[in-house]
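The values are calculated or read from the model by the stated rules, or taken from the named source; none is laboratory data. Here the structure is a predicted model, which means the values were calculated and not measured. Note that we place each Cβ from the backbone using ideal geometry, even for glycine, and neighbour counts take in every protein chain shown. Only protein heavy atoms, including side chains, enter the accessible area calculation; ligands, DNA and RNA are left aside. Shrake-Rupley method; radii C 1.70, N 1.55, O 1.52, S 1.80 Å.
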Amino acid sequence: MFTSLGVISCYARNRVRRFLVASRARMASSTGLLHSATPPRVPTKHEKCYDPHDPTLKFVDKEDDLDFLYEGFKSLRAQMSCGHAVTPTSLTNWCRRLLDQGESRFVCGGSGCNVEWTFAEVFKMALLTPQENAHFRRTMAFNAARQTHTTKMCPGCGSTVTRENESDLNVLCKKCTAVKGQLFEFCWQCLREWKGAQPRKDRCGNRGCCNQSLETLNKCPNITFDSVKVCPSVRACPTCGLLLEHSKKYCKSVHCPRCNVTFCFVCLKSSSTCLITRCIPAPRQTSIPVWQKK
Ligand SMILES: [Zn+2]
Ligand SMILES: [Zn+2]
Ligand SMILES: [Zn+2]
Ligand SMILES: [Zn+2]
Ligand SMILES: [Zn+2]
């Protein structure tokens, strides 16, 4: 009786692990970014434990559903919104693993469970330290930015398509091609069925196809700082590429809400570098920087 139960739960765990390995391999082959995007894993040296008197937690007398490596965490088990039992450290390790694999959302790893937790729930239940919190938030933002950069929805079938060649706007949907029995290509930029010659980097043959972000960077009005320094009112963040419009109030140093980096709107160097070098207005940007993990 015990043996067969043990085998079942062991099998379920192996399945979860295999799924992770498979998705890791998929990611590596589809984006080629795995190594640059994966921060070194920081092992949780000291186990975090729940306060047994915390009235906001629901403690349960169950196995730790996220202890995939049988580390046997000592903390009391608490119940997540999906019903699975976790300890702060097993939850932290599981979520860190998801982030390491390029995910930007937290889905329960309990067997047969696909419930997505909010970050607020993870933050509370994993007892995230300030360092872990900062790392999680930054990696979530980075992964989400990467996902919107490398995948889009096919206008023909709505499935997620990954672009293989970043310098060609012409993208083939394999699913539509198989269903329709003829080549289905769409434009990565205007998301309409492809028109005209290819490969193209700037636009397809559809009317009005243009890169809105580059258009904005090119055409936005100028603003003036310190009564002499003139620069465009919209800049792409030099670190992550997010378009930011200056409020014209306060100083030329701006903080990017996505990547958390502070830079000078005039010279586009980091604010600390700008302070110690000559601040020369950088020309209008003609490409959007792609966020690279350091
Ligand atoms: Zn669950
Ligand atoms: Zn399609
Ligand atoms: Zn187009
Ligand atoms: Zn940024
Ligand atoms: Zn500057």
For Val234, all conditions in the list (1) aliphatic (A, V, I, L, M); (2) surrounded by 12 or more Cβ atoms within 10 Å (Cβ to Cβ); (3) more than 16 Å from ligand 4 (Cβ to nearest atom) hold save one; what is the number of the exception? (3)
Total residues in the stretch 77-93, condition buried (at least 18 other Cβ atoms within 10 Å of the Cβ) and assigned to a loop (DSSP other than H, G, I, E, B): 3
If you take the residues of the stretch 55-70 that are out of contact with any strand residue (DSSP E or B) (no Cβ under 8 Å at 6 or more places or on another chain) and surrounded by 17 or more Cβ atoms within 10 Å (Cβ to Cβ), which of them is nearest to Leu91 (Cα to Cα)? Asp67
Within the stretch 163-184, can you find the residues that are within 23 Å of Ser104 (Cβ to Cβ) and either loosely packed, with under 14 Cβ neighbours inside 10 Å or within 16 Å of ligand 5 (Cβ to nearest atom) (or both)? Glu164, Glu166
Looking at Ala141, is it under 21 Å from Cys240 (Cα atoms) and more than 16 Å from ligand 2 (Cβ to nearest atom)? yes
Within the stretch 248-266, track down each residue that is open to solvent by less than 40 Å² (accessible area, probe 1.4 Å) and out of contact with any His (no Cβ under 8 Å at 6 or more places or on another chain). Cys256, Cys259, Phe263, Cys264, Val266
Given the structure, is Cys240 out of contact with any Ser or Thr (no Cβ under 7 Å at 6 or more places or on another chain), over 24 Å from His149 (Cβ atoms) and either open to solvent by less than 60 Å² (accessible area, probe 1.4 Å) or of a type outside the set (Val, Ile, Thr) (or both)? no
State whether the residues of the stretch 215-225 include one that is among the aromatic types (Phe, Trp, Tyr) and away from ligand 3 (no atom under 13 Å from the Cβ). yes
Cβ pairs under 8 Å, 6+ apart, first in the stretch 172-192 and under 12 Å from Cys157 (Cα atoms) and away from ligand 3 (no atom under 16 Å from the Cβ), second of a type in the set (A, V, I, L, M) and open to solvent by 30 Å² or more (accessible area, probe 1.4 Å): Thr177/Leu183
Residue that is nearest to Val86 (Cα to Cα) [pool: residues in the stretch 122-149 that are more than 8 Å from the chain's Cα centre (by Cα) and of a type in the set (Phe, Trp, Tyr)]: Phe123
Among the numbered conditions (1) in contact with a strand residue (DSSP E or B) (Cβ under 7 Å, 6 or more places away or on another chain); (2) open to solvent by 70 Å² or more (accessible area, probe 1.4 Å), tell me where Lys201 comes up short. (1)
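Please go through the stretch 94-151 and pick out each residue that is closer than 30 Å to Cys187 by Cβ, touching a strand residue (DSSP E or B) at 6+ places or on another chain (Cβ under 8 Å) and surrounded by fewer than 19 Cβ atoms within 10 Å (Cβ to Cβ).
Keep residues of the stretch 94-151 that are closer than 30 Å to Cys187 by Cβ, which gives 101-105, 140-151.
The next check asks that each one be touching a strand residue (DSSP E or B) at 6+ places or on another chain (Cβ under 8 Å); those that pass are 105, 150-151.
Hits for the stretch 94-151 are Arg105, Thr151.
Matching residues to (1) of a type in the set (A, V, I, L, M); (2) more than 28 Å from Asn133 (Cα to Cα); (3) away from ligand 5 (no atom under 16 Å from the Cβ); (4) not assigned by TED's automatic domain parsing to the domain that holds Phe142:
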site	(1), (2), (3), (4)
Lys201	no, yes, yes, yes
Lys219	no, yes, yes, yes
Phe225	no, yes, no, yes
Pro232	no, yes, no, yes
Thr239	no, no, no, yes
Tyr250	no, yes, no, yes
Pro257	no, no, yes, yes
Asn260	no, no, yes, yes
Cys267	no, yes, no, yes
Out of (1) over 22 Å from Thr239 (Cα atoms); (2) away from ligand 2 (no atom under 16 Å from the Cβ), the odd one out for Val179 is which? (2)
